[in-house]
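Accompanying notes for the structure given below.
Please treat every number below as a calculation from the coordinates, not as lab data. Treat the numbers as computed from the prediction; the structure is a model and nothing was measured. No Cβ is skipped: glycine too gets one built from the backbone with ideal geometry, and neighbour counts run over all protein chains shown.
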2 protein chains.
Amino acid sequence: MDKNILNSRTITQVGLLVNDIEATSQAYADFFGVEKPNWFWTDTADKAQTEYKGEASVARAKLAFFDMGSLQLELIEPDEHPSTWRDHLNQYGEGPHHIAFVIDGMKEKIALMEKNGMALVQKGEYTGGRYAYMDTFPTLKVMLELLENDKK
Amino acid sequence: MDKNILNSRTITQVGLLVNDIEATSQAYADFFGVEKPNWFWTDTADKAQTEYKGEASVARAKLAFFDMGSLQLELIEPDEHPSTWRDHLNQYGEGPHHIAFVIDGMKEKIALMEKNGMALVQKGEYTGGRYAYMDTFPTLKVMLELLENDKK
């Protein structure tokens, strides 16, 4: 395997799949004594340009974020269209889905990971950046998400 | 629910269950470009005083830790004796098991969580402190571990 593939080892996010983002957000807000954040929909397909397993997908998800020390906890309630979120939730139920790392050079990182046997699962755009979920489960026993933020 | 139960929202650890701690440690070391840490066994029952579902257990696990930014990633390879590690691995396979928080006042925190419907799953001692796994899955969609370190 190539070494130090991401050039980072700072976990910036832990993502959990949930069936009811309202209920779980409220539980987190109460348990940790913070305001319940508003959830929001990921962008529509024209903006998000979501690709799942190499095919364009109109899938969207409701997202809510909690600041947990130096990282974010992300709650994800997917819609019914094909996505890693929906498939993982259907197959494994609610619970952890990924850990995320901020990287530079998305195309190069995806290419390097694919060369090392870790396939691209899903990618998309959001305001200010883009993401990619990589099939790291066989190797690292958890899915990794790469996040690239546009330079300001 | 009582509010701000842990008096902390800093995730200090993400714990993953694995079948082969040597192989997965090597994969993490290569992928993130760090030295492979040595794994070690949790303490024997006389020291660890492990209780799982209210019963004493001689269960142990091999542990390896990686510094990932501001938190630790923990790999856990359990032995065959009864524990949350072994049962979770048998039921769900390899992957995320818990997120951990450092707290003060273990007994009081466990009592407060139990009052709020989150049962104690497993607890034990380690050199310098103690841990408790709490059944937060129905509420928070992930298991929480409480860590209390002795005052120096």
Exercise. Going through the range B:119-152, which chymotrypsin sites (Phe, Trp or Tyr not before Pro) have at most 11 other Cβ atoms within 10 Å and a DSSP loop state?
Worked result: none
For this session: Every other copy gets compared here: list the nm distances from the B:Asn7 label point (7 Å along Cα to Cβ) to its counterparts, shortest first, one decimal.
Result: 4.4
For this session: Give me the number: length gained by fully extending A:Phe65 to A:Glu80, i.e. 0.36 nm times residue separation minus the C-alpha to C-alpha distance, one decimal in nm.
Result: 3.3 nm
Exercise. When the scattering of the range A:35-106 is computed by the Debye formula from its Cα atoms alone, each counted once and equally, what is log10 I(q)/I(0) at q = 0.12, 0.14 Å⁻¹?
Worked result: -0.38, -0.52
For this session: State the dimensionless ratio Rg/Rh of the range B:13-149 (Rg: radius of gyration of Cα atoms; Rh: Kirkwood radius).
Result: 0.95
Exercise. How many nanometers, to one decimal and shortest first, lie between the label point of B:Tyr92 and those of its other copies, if labels sit 7 Å from Cα toward Cβ?
Worked result: 0.8
For this session: Nearest 5 is fine: what % of DSSP beta bridges in the protein assembly as shown come out antiparallel, could you say?
Result: 80 percent
For this session: Please list the non-local residues whose amide H lies under 5 Å from the amide H of A:Gln13, H modeled 1.01 Å from N, same-chain partners needing a gap of 5 or more.
Result: A:Gln72, A:Ala100
Problem set entry | chain A - share of DSSP beta bridges that are antiparallel (%, nearest 5) | 80 percent
For this session: Using only the Cα atoms of the protein assembly as shown, construct the convex hull and provide its projected area averaged over every direction, in square nanometres to one decimal.
Result: 15.8 nm²
Seminar exercise, completed: With the 8 Å Cα cutoff and a minimum separation of six or more residues, chain A has a relative contact order in percent of 26 percent
For this session: Using only Cα atoms, locate the centre of the range B:28-105 and the centre of the range A:102-124, then give the distance between them in Å, rounded to an integer.
Result: 29 Å
Seminar exercise, completed: With N residues in the range B:87-129, Rg(alpha-carbon) / (2.2 N^0.38 Å) equals 1.41
Seminar exercise, completed: Farthest towards the positive end of the dipole of the range B:80-152, among B:Val102, B:Asn90, B:Thr127 and with Cβ unit charges of +1 on Lys and Arg and -1 on Asp and Glu, lies the Cα of B:Val102
For this session: For B:Lys141, list the lysines whose Cα falls under 28 Å from its own Cα; do not include residues on the same chain fewer than 8 positions away.
Result: A:Lys36, A:Lys53, A:Lys62, A:Lys123, A:Lys141, B:Lys3, B:Lys53, B:Lys62, B:Lys107, B:Lys109, B:Lys115, B:Lys123
Exercise. Can you tell which of B:Pro82, B:Pro138, B:Pro37 shows the greatest fluctuation in a Gaussian network model of chain B with Cα springs below 10 Å?
Worked result: B:Pro138
Exercise. At 222 nm, what helix-only mean residue ellipticity would chain B give, in deg cm²/dmol to the nearest 500, using -39500 (n - 2.57) for each DSSP H run of four or more?
Worked result: -7000 deg cm²/dmol
Problem set entry | Neighbouring partner chain Cβ atoms per residue of A:135-142, average, 10 Å criterion | 5
For this session: Exposed loop GluC sites (Glu not before Pro) only (DSSP loop, at most 10 other Cβ atoms within 10 Å): please give the longest stretch of chain A free of them, not including the sites.
Result: A:81-152
For this session: Place the label 7 angstrom along Cα→C-beta at B:Asp67 and in each other copy, then list the distances from the first to the rest in nm, shortest first.
Result: 2.5
Problem set entry | Approximate spin-label separation A:Asp150-B:Gln91, in nm, with each point projected 7 Å along Cα-to-Cβ | 4.5 nm
